[in-house]
Amino acid sequence: MSPLNSLDLFLFSASKACASSFGLFVQIQGYVICLLLAIGWACAAYVRGREIRIMKNQMKDGNSLAFLYHDINEFEHSKQVNLPRVTVVMPLKGFGEHNLHNWRTQITSLYGGPLEFLFMVDSTEDPAYHAVSHLLSEFKDDVDAKVIVAGPSTTCSQKIHNQLVGVEKMHKDSKYVLFLDDDVRLHPGSIGALTAEMEKNPEIFIQTGYPLDLPSGSLGSYCIYEYHMPCSMGFATGGRTFFLWGGCMMMHSDDFRTDRHGVVSGLRDGGYSDDMTLAAIAGAHKRLITSPPVAVFPHPLATDLNFSRYWNYLRKQTFVLESYTSYANWILNRALFSVHFYLSWGFVAPYILTMIHIAAALRYYFGDYLREETDFTSAGLLVGLQALCTVVELLSMWNLTRIEVQLCNMLSPEAPSLSLASYNWALVFVAMLVDNFLYPFSALRSHFSQSINWSGIRYHLKNGKIHKIERSKDKGPKFTDLGGKHLYGRRGAPAKISILGLLSKTLTHWRDPKKLDV
């Protein structure tokens, strides 16, 4: 029997330390996080699944168009002619591989009431301007749609500026305004379903939805999918929610005409994030935000979505917590910052401890040591529990994704069927570890930088609001993050970058934010 060498002594000591009271607390905390996520996704799956069952029952009763209206009487002419006018405002930036398909699903809505579409760009040089103009020329007089040049923003983010100009240009008789991102793929009945809920409950301040990410196969795309999945349970309530997604927001048009609760001034005067600003206003004035169960939209990610663009997207997501409208909003954002920071590493830490246990066990069983020297009974139990919690969590995530895929297929029967076959669940697990490990770094980077490059425009915050905007086509990314959209026209494929190269580049950027952009 050979004595313990220094490496083995370190591994065995580390394994024992991981099985100590503190290590046990860390691992139990990780189990709880996994199980809470699993329960949350199970509840979300129940809400989405209930909608599927309702639609199937309606179809059995003879309503073959249940994907548009549950009640077949809603198709009566007397009800269709009285539907309110809706204006759809879509701020555009760049042009990518999925945009044409997304825009077609938006303008070919089967909503029976008056409907207008306003595509907003900052300039005619944006590739989106010519692409959407060509698309609308194909439909000519079949749809009420136009492209509007909003010009550059000066006091808020470009997206918010485009939205506010769109509101100014909307039809005077529009009762509701629907803000959509250009990467939202609508179902034929989405606008009708959102409008019906607004008509049913006038107390609703904002209606929202959430995307179902369709990963393209890269690790970056799976990290995006994994990042969105925990948030999805907050949007699958089937009714009231405290969450808001800027990709789909329906509001009363008069709230903007009268600047009710300061929605216009709050966005215009230094606003960075549309959804965070409006959610803060809704919370401050105790207004209702809802998310109907049918408001889940397929969101295909770019086929060339690399790790660098994922990191840039994560930076934007953590940066929104640096913007705020009031002291109470600042407190809430700090709380979200701290909780997410803690839970992210609380999720990853048990897997690090598990790896130490496994490494020590392998050295023990393949080494020539006395059995009295080590004891891995408790470590084996901890590893087994970690594996069990991970399987339960992944199964719950898989089940929610399966149900949302089925729901999307039922809501868009004319579209090619979505499938779970393309999902790589091993990559999903890796993405869970990578995303939660990197989140705290991104959050700290955002907190100390107070500036961000968003689609080629650098925004600087002061006291939670934009106070400086820098534009330069010679700086910043040529592509956006999720859709792989070209911001300034095609200039060749984006350069590939490794994780190590990305971290090196990020450290350089941290020292000198103006020198380069990730």
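The values are calculated or read from the model by the stated rules, or taken from the named source; none is laboratory data. Because the structure is a prediction, the values reported are computed rather than measured. Neighbour counts are summed over all protein chains in view; Cβ atoms, including those assigned to glycine, are modelled from backbone coordinates with ideal geometry. Quick note on the areas: whole protein, heavy atoms, side chains included, nothing else; ligands and nucleic acids left out. Shrake-Rupley method; radii C 1.70, N 1.55, O 1.52, S 1.80 Å.
Checking the table 175/316; 93/468; 93/146; 79/200; 140/169; 159/468 against a 23 Å threshold on Cα-Cα, which pairs fail? Over 23 Å Cα-Cα: 175/316. In this simple spin-label model, placing a label point 7 Å from the Cα along the Cα-to-Cβ direction at both residue 334 and residue 171 gives a separation of 4.8 nm. Dividing the mean sequence gap of close Cα pairs (under 8 Å, 6+ apart) by how many residues the stretch 215-290 holds gives a relative contact order of 31 percent. Between the C-alpha center of the stretch 19-87 and that of the stretch 181-221 there is a gap of 12 Å.
Computed 3J(HN,Hα) for the stretch 342-351, one whole-Hz value per residue from the Karplus formula 6.51 cos²θ - 1.76 cosθ + 1.60 where θ = phi - 60°, is 5, 5, 4, 6, x, 6, 6, 3, x, 6, glycine and proline marked x.
At a Förster distance of 35 Å, what's the computed FRET efficiency of residue 28 paired with residue 254, Cβ-Cβ distance as r, to 0.05? About 0.10, to the nearest 0.05. Under 5 Å from the amide H of residue 412 lies no amide H of any residue 5 or more positions distant or on a separate chain, with H modelled from the backbone and absent for Pro and chain starts.
Taking 12 Å as the straight-line reach from the Cα of residue 286, the aspartates and glutamates in range (excluding those fewer than 8 positions away in the same chain) are 203. Looking at the stretch 380-440, the GluC sites (Glu not before Pro) that sit in a DSSP loop and have at most 15 other Cβ atoms within 10 Å of their own Cβ are 414. Taking 0.36 nm per residue of sequence separation and removing the Cα-Cα distance, the residue 134/residue 199 pair yields an extension gain of 20.0 nm. Computed extension gain for residue 341 through residue 284, at 0.36 nm per residue and net of the alpha carbon distance, reaches 18.0 nm. Annotation: amide H of residue 212 within the under-5 Å range of 297, 299, sequence separation 5 or more or interchain, hydrogens built in the peptide plane.
Note that the stretch 192-201 has calculated 3J(HN,Hα) couplings of x, 5, 5, 5, 4, 5, 5, 5, 5, 10 Hz, one per residue in order, obtained from phi through the Karplus relation 6.51 cos²θ - 1.76 cosθ + 1.60 (θ = phi - 60°); glycine and proline are x. Computed with a 1.4 Å probe over protein heavy atoms only, the accessible surface of the stretch 156-248 comes to 29 Å² per residue.
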